[in-house]
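Trainee: Below you'll find the structure I mean.
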Amino acid sequence: MTSCDVAIIGAGPYGLSATAHLSAIKGLEVRTFGEPMSFWDRNMPTGMLLRSNWTATTIAHPEKRLSLDSFRDETGNAFAAPVSLERFVQYGLWYQRQAVPGLDRRKIERIDSSSGGFRLNLGDGEVVKARRVVIAAGIASFAWRPPEFQNLASGMTSHTSEHCDLSGFSGKQVLVVGGGQSALESAALLHEGGAEVEIVSRSASVHWLQGSLSKTLHHKMGRLTSRMLYAPTDVGPACISQLVARPDMLRRLPRSIQDRIRLRSVRPAGARWLVSRLRKVPIQFGRSVVSAVADGDRVKVRVDDGTERTVQHVFLGTGYRVDIAKYRFLSPGLQESIKCYKGYPQLEHGLETSVPGLHILGAPAAWSFGPLMQFVSGTHYACQELKRRIVR
Ligand SMILES: Cc1cc2nc3c(=O)[nH]c(=O)nc-3n(C[C@H](O)[C@H](O)[C@H](O)COP(=O)(O)OP(=O)(O)OC[C@H]3O[C@@H](n4cnc5c(N)ncnc54)[C@H](O)[C@@H]3O)c2cc1C
């Protein structure tokens, strides 16, 4: 058995940034586990473009180094916003090599409480003891599959997170369910890859994001006004964005207002650059799928307007629902001790759970610290707050 002061689980933007921040504390022994940038590399479609703007795509570093600008300048890669998924993965790996060179790629199978801290079991039987644990394990476990599709064989339906290569759908009839960025972008990529695509969305229309509106604002009102309305973190609509960028202030508001701000900031929406790419893709708005059953090697889908269609595959762009009970590596005892609300842990300062010494970063922190936590730009606040708590 080996031991350390802090074990960090996850090597995506949050785990990498947390490691960079905590490693800067003198005398603290930090160990980090996980496959670097694996969710972005394996669970998002090749060809995807990041929705967040350039500034909001930098992973936080305690000395403000290793920004997206430095990556571009030091590697000589010429690219601009919107940043492609491929470039962002390269950036994350570049950040990891410099800030987290000792990364242990092994998976943590189980975390239990033990005297004076936690026991972490690795897949190969090794046990690591840690005084504190920081969970930055992302949203892959939370992919939401509506019950209407649960009886279909996996070859007939899949969640967007199950694919990175969409080329296998070329020439196939595919129904995409959902109206958010991941459904719309997958539909565009499937269409461009030669699939026959239709979208069914519960929303009455697509809410297109402000990208170009922001440019228009820059033009008409000037950079200053635009900056007053939109924080550089790029989460939330005009004005609200400034509040979302300040979780300490947001947390002081009544719960009902915090909830409204969270929903308003992450409602299903599409980036403007998708408008032209989806022009030839039929979209059924304000509609839901009521049933989906196997019909030979196809799927018969009934929609609530009474229409039916038979397709070869149903693609679920139905998003993610945080529920930390789905983090299977948490022992049942630990699960029970973490105070939660509707699947979200209730976190205190330093993003610490009700179990002292156990912290959770990323999307599960959104109920306590707001929607910023669901995005890369939240690494700045979250990792500084974590560091402050640990130093104290
Ligand atoms: C389609 C799509 C597009 C998106 N676009 C954007 C965008 O443009 N901008 C933006 O800011 N956000 C975007 N997001 C949100 C994005 O997922 C999060 O911002 C980001 O991934 C959060 O980073 P993370 O470190 O919390 O999680 P992840 O990046 O998911 O990292 C999780 C890490 O945990 C590791 N891990 C998990 N379980 C274990 C275990 N048991 N043991 C060891 N390691 C483990 C994984 O290997 C991985 O390294 C998008 C999400 C989706 C689905």
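The values are calculated or read from the model by the stated rules, or taken from the named source; none is laboratory data. All values derive from a computational prediction rather than experimental measurement. Glycine gets a Cβ as well: all are built from the backbone with ideal geometry, and neighbour counts include every protein chain shown.
Trainee: Please return the ranges of helices (runs of 4 or more DSSP H) entirely within region 1-87 where 3 or more residues are over 24 Å from Arg277 (Cα atoms).
Mentor: By residue number, 13-23, 68-75.
Trainee: Tell me the residue from Gly306, Gly357, Gly286 that is surrounded by fewer than 15 Cβ atoms within 10 Å (Cβ to Cβ), out of contact with any Leu (no Cβ under 8 Å at 6 or more places or on another chain), touching a residue at least 24 places away in the same chain (Cβ under 8 Å) and among the small types (Gly, Ala, Ser), please.
Mentor: Criteria check complete, one pass: Gly286.
Trainee: Taking Ala24 as meeting all but one of (1) on the phi < 0 side of the Ramachandran plot; (2) touching a helix residue (DSSP H, G or I) at 6+ places or on another chain (Cβ under 9 Å); (3) of a type in the set (Gly, Ala, Ser); (4) within 15 Å of the ligand (Cβ to nearest atom), write down the number of the exception.
Mentor: Condition (4) is where Ala24 drops out.
Trainee: Mind checking whether some residue in region 337-348 is on the phi < 0 side of the Ramachandran plot and of a type in the set (Gly, Ala, Ser)? Lay out the reasoning, then the answer.
Mentor: Taking region 337-348 as the starting set, the residues that turn out to be on the phi < 0 side of the Ramachandran plot are 337-341, 344-348.
Imposing the further condition that a residue be of a type in the set (Gly, Ala, Ser) reduces the set to 337.
Yes, region 337-348 contains at least one residue that is on the phi < 0 side of the Ramachandran plot and of a type in the set (Gly, Ala, Ser).
Conditions (1) in contact (Cβ under 8 Å) with a residue 60 or more places away in the chain; (2) out of contact with any Ser or Thr (no Cβ under 8 Å at 6 or more places or on another chain); (3) among the aromatic types (Phe, Trp, Tyr), marked per residue:
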site: Met1; (1), (2), (3): yes, yes, no
site: Ile8; (1), (2), (3): yes, no, no
site: Tyr14; (1), (2), (3): yes, no, yes
site: Ser17; (1), (2), (3): yes, no, no
site: Ala20; (1), (2), (3): yes, yes, no
site: Ser23; (1), (2), (3): yes, yes, no
site: Val30; (1), (2), (3): no, no, no
site: Gly34; (1), (2), (3): yes, yes, no
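Trainee: What is the residue count in region 27-58 for residues that are more than 10 Å from the ligand (Cβ to nearest atom) and at positive phi?
Mentor: Counting residues in region 27-58 that are more than 10 Å from the ligand (Cβ to nearest atom) and at positive phi gives 2.
Trainee: Just to check your reading of the model, which residue among Gln312, Gln335 is within 16 Å of the ligand (Cβ to nearest atom) and over 28 Å from His380 (Cβ atoms)? Even if it seems obvious, please write down each step before you answer.
Mentor: On the way: Gln312 fails: within 16 Å of the ligand (Cβ to nearest atom).
Among Gln312, Gln335, only Gln335 is within 16 Å of the ligand (Cβ to nearest atom) and over 28 Å from His380 (Cβ atoms).
Trainee: Starting from region 95-107, take each residue that is more than 14 Å from the ligand (Cβ to nearest atom) and list its partners that are assigned to a loop (DSSP other than H, G, I, E, B), counting only C-beta distances under 7 angstrom and pairs at least six apart or across chains.
Mentor: Every condition considered, the pairs that remain are Gln98/Leu66.
Trainee: Something else about it: Mind checking which residues of region 137-158 are near the ligand (Cβ under 10 Å from one of its atoms) and either among the basic types (Lys, Arg) or within 16 Å of Val177 (Cα to Cα) (or both)?
Mentor: Result: Ala143, single match.
Trainee: Out of curiosity, is Phe71 of a type in the set (Phe, Trp, Tyr), more than 20 Å from Leu49 (Cβ to Cβ) and modelled with pLDDT of 95 or more?
Mentor: Values: of a type in the set (Phe, Trp, Tyr): yes; more than 20 Å from Leu49 (Cβ to Cβ): no; modelled with pLDDT of 95 or more: yes.
No: the conditions fail for Phe71.
Trainee: Could you go through region 129-136 and let me know if any residue there is in a loop (DSSP other than H, G, I, E, B), more than 30 Å from Leu274 (Cβ to Cβ), more than 12 Å from the ligand (Cβ to nearest atom) and touching a residue at least 60 places away in the same chain (Cβ under 8 Å). Give the steps one after another, and end with the answer.
Mentor: Quick first cut of region 129-136, residues in a loop (DSSP other than H, G, I, E, B) only: 136.
The next check asks that each one be more than 30 Å from Leu274 (Cβ to Cβ); those that pass are none.
Within region 129-136, none of the residues are in a loop (DSSP other than H, G, I, E, B), more than 30 Å from Leu274 (Cβ to Cβ), more than 12 Å from the ligand (Cβ to nearest atom) and touching a residue at least 60 places away in the same chain (Cβ under 8 Å).
Trainee: Here's another thing I want to ask about it. I need every pair where a residue in region 162-180 that is closer than 18 Å to Leu278 by Cβ and assigned by TED's automatic domain parsing to the domain that holds Leu278 has its Cβ under 6 Å from the Cβ of a residue that is of a type in the set (D, E, K, R) and not in a helix (DSSP H, G or I), sequence separation at least 6 or different chains.
Mentor: Gln173/Glu196; Leu175/Glu198
Trainee: Would you check which residues across region 108-140 are in contact with a strand residue (DSSP E or B) (Cβ under 9 Å, 6 or more places away or on another chain) and hydroxyl-bearing (Ser, Thr, Tyr) and list them?
Mentor: Selection gives Ser113, Ser114.
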